[in-house]
């Protein structure tokens with residue numbers, strides 16, 4: 001696979017470390033017995049990852065000249081939600097994964113009860129961060145963020161998508177049903193990430209919907225590549241368990257479309273995502289680059 | 001045990017049915033495959049309960065002339081958080097309870113994965129409800145509610161208390177540690193419930209802290225009676241599994257203080273709670289009544 005341009009890789013890595021620092025500042029510490037929970041939250045949130053969603057928040061916020069500290073706090077809130085969802089998804093009762101980002105999953109490193117609570121704590125922390133005046137001086141903007149995030153993450157978004165994913169193990173899904181599933185399971189939070197910069201920057205409805213349309217195409221492209229990596233990648237390369245969809249007999253973009261058409265579809269979606277950025281007259285370079293990156297990545 | 005005065009019982013039961021109706025309106029429905037999730041959320045949230053927290057919200061809101069619909073939405077959000085915590089606490093990895101309010105727990109009625117997701121969905125829904133303009137026209141008030149609720153429910157509040165509770169199974173706790181544990185596990189959300197009406201009504205700091213002080217004493221009294229019911233009550237009476245603390249060798253107010261001193265302590269806390277209501281010059285009758293009720297209840 002072609003490698004990502006050094007400058008985007010550098011920008012992503014520098015943002016990832018800023019996100020780590022910000023998470024480190026915002027995650028609670030304790031000398032009391034509940035420190036086990038705080039440690040597990042830190043373990044689940046600080047153990048790397050591409051930080052794609054924070055990158056989308058920061059890049060969209062930059063389009064509207066949003067204060068960087070505000071954008072970073074919003075990025076961290078989204079990442080808390082993303083990390084909580086991974087912790088819960090990995091649980092024995094759900095995907096039962098032992099490995100995440102090359103390390104034991106939270107319930108493997110700690111235990112199942114601690115993992116459930118660590119996820120609950122991270123989800124709750126996301127809303128605490130967004131409600132804080134430091135995230136935006138205008139409470140209407142803060143409520144806008146909370147409202148959009150709760151819808152993206154809740155029963156009609158990510159949590160509902162995860163339910164569909166579990167149901168899908170015993171059902172025959174067609175391409176439409178899989179698209180809907182993935183749109184809910186990962187697409188809505190990715191869409192929120194891109195939209196969040198616009199909410200912070202009080203963007204016009206036209207700009208907000210361009211960001212959402214971009215992110216929805218990006219999210220689907222991202223998921224198709226995830227399915228491809230699960231089918232083709234190695235554990236060493238991806239840092240997580242692979243071949244799990246096939247083992248579970250789960251219908252994915254790849255099992256329905258086949259490897260070649262799936263890859264083609266991801267590229268088309270990526271190009272379509274970039275076209276939505278036309279609304280920003282070439283100023284959305286980061287968002288363009290990331291749309292190319294998600295289809296070229298190998299982990 | 002002496003029975004609760006009919007008028008309070010009537011007021012509580014009428015509020016409980018208003019809360020049920022409001023929950024019913026706010027809980028999502030779907031004809032798609034994710035309906036299993038929505039059904040489980042409804043099952044976990046609509047299957048009765050005393051609705052103590054909503055009653056505190058409505059009663060404190062009434063002190064400041066808050067619009068009833070706004071108060072009811074806030075009450076419903078708190079109850080979503082309470083019900084999510086019960087669903088997760090009952091899971092096999094946590095308290096492993098089969099029975100709740102006389103019915104199978106959510107993971108028994110559905111399955112473990114669905115129960116985890118139903119809890120996640122209810123927690124997220126609580127913040128969606130609070131961020132909505134219908135909960136209060138002033139976004140600063142909505143942010144105030146979200147901020148206070150997230151702190152009460154999060155790692156330094158309810159979730160942290162649940163962690164302490166798990167750790168406590170293998171530790172020797174003294175009365176101070178148990179008080180701290182219960183203050184986090186149940187006290188903070190009860191305190192938020194009483195404070196919420198004040199936040200909605202833009203109460204003075206003095207009134208807010210009177211409400212919090214009242215609710216903290218109330219919460220501890222409530223918990224001591226819970227421990228007493230676990231030690232003395234029957235499954236038929238309480239509608240949930242009993243004798244579980246003793247079986248787990250868990251230190252509680254009752255194991256440390258003994259039955260008689262525990263009951264005495266609950267009464268003292270209830271009287272102390274009522275004294276904090278002095279700030280309201282006799283207008284807080286509902287809150288006074290509930291403080292008497294929690295120590296006289298038998299389920």
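The values are calculated or read from the model by the stated rules, or taken from the named source; none is laboratory data. Bear in mind that the values here come from a model prediction, so they are computed numbers and not experimental data. A quick note on method: Cβ atoms are made from the backbone with ideal geometry, for glycine too, and the neighbour counts reach across all protein chains shown.
Does residue B:279 count as more than 22 Å from residue B:51 (Cα to Cα), more than 23 Å from the chain's Cα centre (by Cα) and not in a loop (DSSP other than H, G, I, E, B)?
Judged against the criteria, residue B:279 is a match.
Which of the following residues is without any contact (Cβ under 8 Å) to a residue 24 or more places away in the chain, in contact with a strand residue (DSSP E or B) (Cβ under 8 Å, 6 or more places away or on another chain) and under 27 Å from residue B:162 (Cβ atoms): A:105, A:124?
A:105
Restricting to segment B:79-89, what's the tally of residues that are away from chain A (no Cβ under 11 Å) and in contact with a strand residue (DSSP E or B) (Cβ under 9 Å, 6 or more places away or on another chain)?
1
Could you list, in sequence order, the residues of segment B:107-118 that are over 21 Å from residue A:122 (Cα atoms) and facing chain A (nearest Cβ under 10 Å)?
B:107, B:111, listed by residue number.
Name every residue in segment B:24-48 that is within 18 Å of the chain's Cα centre (by Cα) and over 20 Å from residue A:157 (Cβ atoms), in order of residue number.
Once the filter is applied, which keeps residues that are within 18 Å of the chain's Cα centre (by Cα) and over 20 Å from residue A:157 (Cβ atoms), segment B:24-48 yields B:43, B:46, B:47, B:48.
Is it the case that some residue within segment B:200-209 is buried (at least 24 other Cβ atoms within 10 Å of the Cβ) and farther than 30 Å from residue B:254 by Cβ?
yes
Against the definition (surrounded by 19 or more Cβ atoms within 10 Å (Cβ to Cβ), more than 7 Å from chain A (Cβ to nearest Cβ) and in contact (Cβ under 8 Å) with a residue 12 or more places away in the chain), how does residue B:164 come out, yes or no?
The answer is no for residue B:164.
Considering each residue of segment B:119-153, count those that are within 16 Å of the chain's Cα centre (by Cα), facing chain A (nearest Cβ under 7 Å) and buried (at least 23 other Cβ atoms within 10 Å of the Cβ), and give that number.
Number of matching residues: 3.
All but one of (1) in a helix (DSSP H, G or I); (2) touching a helix residue (DSSP H, G or I) at 6+ places or on another chain (Cβ under 7 Å) hold for residue A:21, so report the exception by its number.
All conditions pass for residue A:21, except number (2).
Out of (1) surrounded by 21 or more Cβ atoms within 10 Å (Cβ to Cβ); (2) more than 10 Å from chain A (Cβ to nearest Cβ); (3) modelled with pLDDT under 95, the odd one out for residue B:34 is which?
For residue B:34, the exception is condition (2).
Would you pick out the residues in segment B:55-79 that are assigned to a helix (DSSP H, G or I) and either out of contact with any helix residue (DSSP H, G or I) (no Cβ under 9 Å at 6 or more places or on another chain) or over 22 Å from residue B:278 (Cα atoms) (or both)?
Passing the criteria: B:68, B:69, B:70, B:71, B:72, B:73, B:74, B:75, B:76, B:77, B:78, B:79.
Could we say that residue B:159 is at the interface with chain A (Cβ under 8 Å from one of its Cβ atoms), modelled with pLDDT of 95 or more and either under 30 Å from residue B:256 (Cβ atoms) or touching a strand residue (DSSP E or B) at 6+ places or on another chain (Cβ under 6 Å) (or both) here? Reasoning before the result, please.
Values: at the interface with chain A (Cβ under 8 Å from one of its Cβ atoms): yes; modelled with pLDDT of 95 or more: yes; either under 30 Å from residue B:256 (Cβ atoms) or touching a strand residue (DSSP E or B) at 6+ places or on another chain (Cβ under 6 Å) (or both): yes.
Against the criterion (at the interface with chain A (Cβ under 8 Å from one of its Cβ atoms), modelled with pLDDT of 95 or more and either under 30 Å from residue B:256 (Cβ atoms) or touching a strand residue (DSSP E or B) at 6+ places or on another chain (Cβ under 6 Å) (or both)), residue B:159 qualifies.
Output the residues belonging to segment B:91-106 that are more than 11 Å from chain A (Cβ to nearest Cβ) and either part of a helix (DSSP H, G or I) or surrounded by 17 or more Cβ atoms within 10 Å (Cβ to Cβ) (or both).
Hits for segment B:91-106 are B:97, B:100, B:105, B:106.
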